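Here is the structure we will look at.
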Amino acid sequence: MAEATGSQASAREQSAAARDLALGQLGAKKPRTLWRDAVRQFRRHRLAVAGTFILLFLIIAVIIGPYVWPKGTGEINFAKSMTAPSAEHPFGTDDMGRDLFARVLYGGRISIAVGIVAVIISMSLGTLIGALSGFFGGFVDSALMRFVDMMLSLPILPLLLLIIYLFRDSMRQRFGLEIGMFILIVGIIGVLSWMPVARLVRASFLSIKEKEFIEAAYCIGASRSSIIFKHILPNALGPVIVAATLGVGAAIITESSLSFLGLGFPPDVPTWGRLLYDNKDYMELAWWMVVFPGMAIFLAVLSINYVGDGLRDALDPHRTTS
Amino acid sequence: MGRYILRRALAAIPTLFVISLIIFSILALAPGDPLSDLAMNPQVPPEVAQKIRQDLGLEDPIPVRYAKWLTSSTFGQFGLFGYEPLTSFRSRAPVMDQIKERLPRTLWISGTAVLLGIAVAIPVGVLSAVRQYSLFDQIATTLTFFGFSIPTFFTGLLLILLFSIKLGWLPFIYRSTLEQDSWTLSWIVAMLKQSVMPIAVLGLFQGATLTRYVRASMLENLHLDYVRTARAKGLAERHVISRHVLRNALIPVVTIVALQLPGVITGAVITEQIFRVPGLGRLLIDSIINNDTPVVMTLAFMFSILVVFFNLVADIIYGWLDPRIKYS
């Protein structure tokens, strides 16, 4: 009898010791959070990781490059007009003898800045409208959605061209040549591309609103604004992040298309699209004047698209994590 | 279903009104003046210029101008109530004539591009999905990423560089005078030679985006139960794919194509600029730069009608093809 209880006691002790060991180990590893899982999933997508590196490299290059590279963007030298790529001029020179590498680096700042700021505007607008619409429902929802539908029916390219052409002179006069154009282009792209984001956010809000933890938040007395911003919004951000990333690529392409049509930044501001617009007439004689700016756009947008794809895989709530 | 269509069509009308109001207001609010050359002209005294502006109705408040424009363009189009069709400031010819002249060209390039895109996207997308993660799939996915990351004007320039400048096979300027010739073999060849690059540029971009959608849609369908049932019944795999899966997978793709169609036509703006095709896109840019308000107004409004129309078409097709959708 004593033997049996003794063995039971030692069994209990053993299980208690095992439990303590296991609990101790729990503290040893980092806890799994939503974001850490997403990062792990993202790292599996090799092309997305490659894209991230390329994108970071491009961003650092355009920020630091103009400080490091000795040649300027406006050094005119007709003697060296249209020389092929060489050690001295890695991308060659353009028709006025300016170093193309410096111009591509400097122009990259503007092109990428336009992409990022335009997306910030459209994401903010879209998230605000989508959140209000999804959260309040009812009349607010249907009114806002009618507005979104109407905005979606606007023909984007004709309006883009029209507004830029009509308002660019007055914007330039008010804000200065480059800043005025920057505000105009960024504003227009932002204002015409927030609609899909609004729909995404609204859909997320509609589904998250019904979940139990929101009900619990109401029960403990959380205010409406804290529920919107602290509880629902962080969970709705997944598709928004993906849309934002892809939106930067789309905005870069839109800006370069506008510049290519002559309706973008003023002359001598070497954004990548503008470089293609200025140099396309010399293509027969100097292929590098067209190929390098175009490849810059291509590389930037490609890496952005891969990163966006990786983010979509990583942040997809339906994906089973392993 | 019929009631749904009717309701949507009726809802589209106020949308179009609002859109036309927005476009008109943008044009009206813009600084700059279609009669600025008149104002600059020293031979024209200011009172005369003012009188001309008043006669043309440029001094009226915006709602009045909008109402006048609306009545004159709708009635004038059909010659009712003594109104004349809208004429361009630049060429003094009726706007619709210019549009009618350029429309076939734009349709030829954009339409063929869409067909090319579909013809490429469906086989490639299906094969990619059926053999997921195979070498074909990886190459195809990479190529599609390349396809929609590269701006259309860069593709166009590269093609011109390769085929016109280095190789000299294809002309890079589209000669519209070629269209008047008769239907001989050499004419067909010449027409094809000058059209193939713009069509390829547009079509490959379309094809790249569509392939992604086809692949995603196929992948969604391949895991569903009915596919397992079909295979269990002993059907050959190719029948399972082509007769059962493909139809269901193509439903969202069809709606996407319908939604993207107006975008293709506006996207042709850039392609027409590179290859100098005198189509609707060129007309839009030229008339914006020339301050030719009637043409800009008409074209912008036409594009809006296209967008609204194709949105409606996409909804109807989706409801018709997918029996699970019930529109109340």
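The values are calculated or read from the model by the stated rules, or taken from the named source; none is laboratory data. All figures in this text were calculated on a predicted structure; none of them were measured in a lab. Here the Cβ is made from the backbone with ideal geometry for all residues, glycine too, and neighbour counts use every protein chain on show.
Quick one: what pairs do we get from the range A:151-169, first residue of a type in the set (Asp, Glu), second surrounded by fewer than 20 Cβ atoms within 10 Å (Cβ to Cβ) and not in a helix (DSSP H, G or I), C-beta under 9 Å, 6+ apart or different chains?
A:ASP169/B:PRO31; A:ASP169/B:GLY32
Can you tell me which residues in the range B:302-328 are modelled with pLDDT of 80 or more, over 29 Å from B:ILE26 (Cα atoms) and hydroxyl-bearing (Ser, Thr, Tyr)?
Within the range B:302-328, just B:TYR318 meets the criteria.
Of the conditions (1) among the hydrophobic types (A, V, I, L, M, F, W, C); (2) part of a helix (DSSP H, G or I); (3) within 14 Å of chain B (Cβ to nearest Cβ); (4) buried (at least 20 other Cβ atoms within 10 Å of the Cβ), A:LEU154 satisfies every one except a single condition; which number is it?
(2)
Restricting attention to the range B:109-136, which residues are not in a helix (DSSP H, G or I) and not small (Gly, Ala, Ser)?
Here is the first cut: in the range B:109-136, the residues not in a helix (DSSP H, G or I) are B:131-134.
Of everything in the range B:109-136, those that are not in a helix (DSSP H, G or I) and not small (Gly, Ala, Ser) turn out to be B:ARG131, B:GLN132, B:TYR133.
I'd like to know if the range B:131-140 contains one or more residues that are aromatic (Phe, Trp, Tyr), surrounded by 21 or more Cβ atoms within 10 Å (Cβ to Cβ), assigned by TED's automatic domain parsing to the domain that holds B:ARG212 and under 30 Å from B:HIS244 (Cβ atoms).
No, the range B:131-140 contains no residue that is aromatic (Phe, Trp, Tyr), surrounded by 21 or more Cβ atoms within 10 Å (Cβ to Cβ), assigned by TED's automatic domain parsing to the domain that holds B:ARG212 and under 30 Å from B:HIS244 (Cβ atoms).
Any idea how many residues of the range A:287-308 are at the interface with chain B (Cβ under 7 Å from one of its Cβ atoms) and touching a residue at least 60 places away in the same chain (Cβ under 8 Å)?
Of the residues in that region, 4 qualify.
Name the pairs whose Cβ atoms lie under 7 Å apart, with the first residue in the range B:138-158 and at negative phi and facing chain A (nearest Cβ under 9 Å), the second part of a loop (DSSP other than H, G, I, E, B) and surrounded by 19 or more Cβ atoms within 10 Å (Cβ to Cβ), and 6 or more positions between them or separate chains?
Final answer for the pair search is B:LEU157/A:MET283.
Which one of the conditions (1) in contact (Cβ under 8 Å) with a residue 60 or more places away in the chain; (2) over 30 Å from A:ALA244 (Cα atoms); (3) surrounded by 13 or more Cβ atoms within 10 Å (Cβ to Cβ) does A:ALA84 fail to meet, given that it meets all the rest?
The one condition A:ALA84 does not meet is (3).
Given the range A:166-225, what helices (runs of 4 or more DSSP H) lie entirely inside it while holding 1 or more residues that are within 14 Å of chain B (Cβ to nearest Cβ) and surrounded by 16 or more Cβ atoms within 10 Å (Cβ to Cβ)?
In the range A:166-225, A:177-192, A:195-208 are the helices (runs of 4 or more DSSP H) which contain 1 or more residues that are within 14 Å of chain B (Cβ to nearest Cβ) and surrounded by 16 or more Cβ atoms within 10 Å (Cβ to Cβ).
Kindly indicate which of B:LEU261, B:LEU299 is facing another protein chain (nearest Cβ under 9 Å) and modelled with pLDDT of 80 or more.
After ruling out the rest, the residue left standing is B:LEU299.
Every residue in the range A:125-143 that is touching a residue at least 24 places away in the same chain (Cβ under 8 Å) and among the hydroxyl-bearing types (Ser, Thr, Tyr), please.
A:THR127, A:SER133
From B:GLU237, B:GLU220, grab the single residue that is charged (D, E, K, R) and within 14 Å of chain A (Cβ to nearest Cβ).
B:GLU220
Being assigned to a loop (DSSP other than H, G, I, E, B), away from chain B (no Cβ under 14 Å) and surrounded by fewer than 20 Cβ atoms within 10 Å (Cβ to Cβ): is that true of A:PRO90 here? Explain how you work it out, then say what you get.
Values: assigned to a loop (DSSP other than H, G, I, E, B): yes; away from chain B (no Cβ under 14 Å): yes; surrounded by fewer than 20 Cβ atoms within 10 Å (Cβ to Cβ): yes.
So A:PRO90 fits the description; yes.
Taking the condition within 12 Å of chain B (Cβ to nearest Cβ), out of contact with any strand residue (DSSP E or B) (no Cβ under 6 Å at 6 or more places or on another chain) and touching a residue at least 12 places away in the same chain (Cβ under 8 Å), does A:GLU284 pass?
No, not satisfied.
Of the conditions (1) modelled with pLDDT of 85 or more; (2) part of a loop (DSSP other than H, G, I, E, B), B:ASN291 clears all except one; give me its number.
Among (1) modelled with pLDDT of 85 or more; (2) part of a loop (DSSP other than H, G, I, E, B), the lone unmet condition for B:ASN291 is (1).
Being charged (D, E, K, R), assigned by TED's automatic domain parsing to the domain that holds B:MET218 and surrounded by 13 or more Cβ atoms within 10 Å (Cβ to Cβ): is that true of B:LYS166 here?
no
Checking the structure you have, find out if any residue of the range B:206-223 is without any contact (Cβ under 8 Å) to a residue 24 or more places away in the chain and surrounded by fewer than 15 Cβ atoms within 10 Å (Cβ to Cβ).
There is at least one residue in the range B:206-223 that is without any contact (Cβ under 8 Å) to a residue 24 or more places away in the chain and surrounded by fewer than 15 Cβ atoms within 10 Å (Cβ to Cβ).
Test each condition in (1) buried (at least 21 other Cβ atoms within 10 Å of the Cβ); (2) out of contact with any Leu (no Cβ under 6 Å at 6 or more places or on another chain); (3) part of a helix (DSSP H, G or I) for A:ASP313 and report the one that comes out false.
A:ASP313 satisfies every listed condition except (1).
Suppose we filter B:LEU306, B:LEU250, B:LEU246 for residues that are assigned to a helix (DSSP H, G or I), in contact with a helix residue (DSSP H, G or I) (Cβ under 8 Å, 6 or more places away or on another chain) and within 14 Å of another protein chain (Cβ to nearest Cβ); which single one remains?
Working: B:LEU250 fails: within 14 Å of another protein chain (Cβ to nearest Cβ); B:LEU246 fails: within 14 Å of another protein chain (Cβ to nearest Cβ).
Going through B:LEU306, B:LEU250, B:LEU246 in turn, the sole match is B:LEU306.
Might you check whether a residue that is part of a helix (DSSP H, G or I), basic (Lys, Arg) and surrounded by 17 or more Cβ atoms within 10 Å (Cβ to Cβ) occurs anywhere in the range A:229-242?
no
Can you tell me how many residues within the range A:248-280 are within 9 Å of another protein chain (Cβ to nearest Cβ) and part of a loop (DSSP other than H, G, I, E, B)?
3
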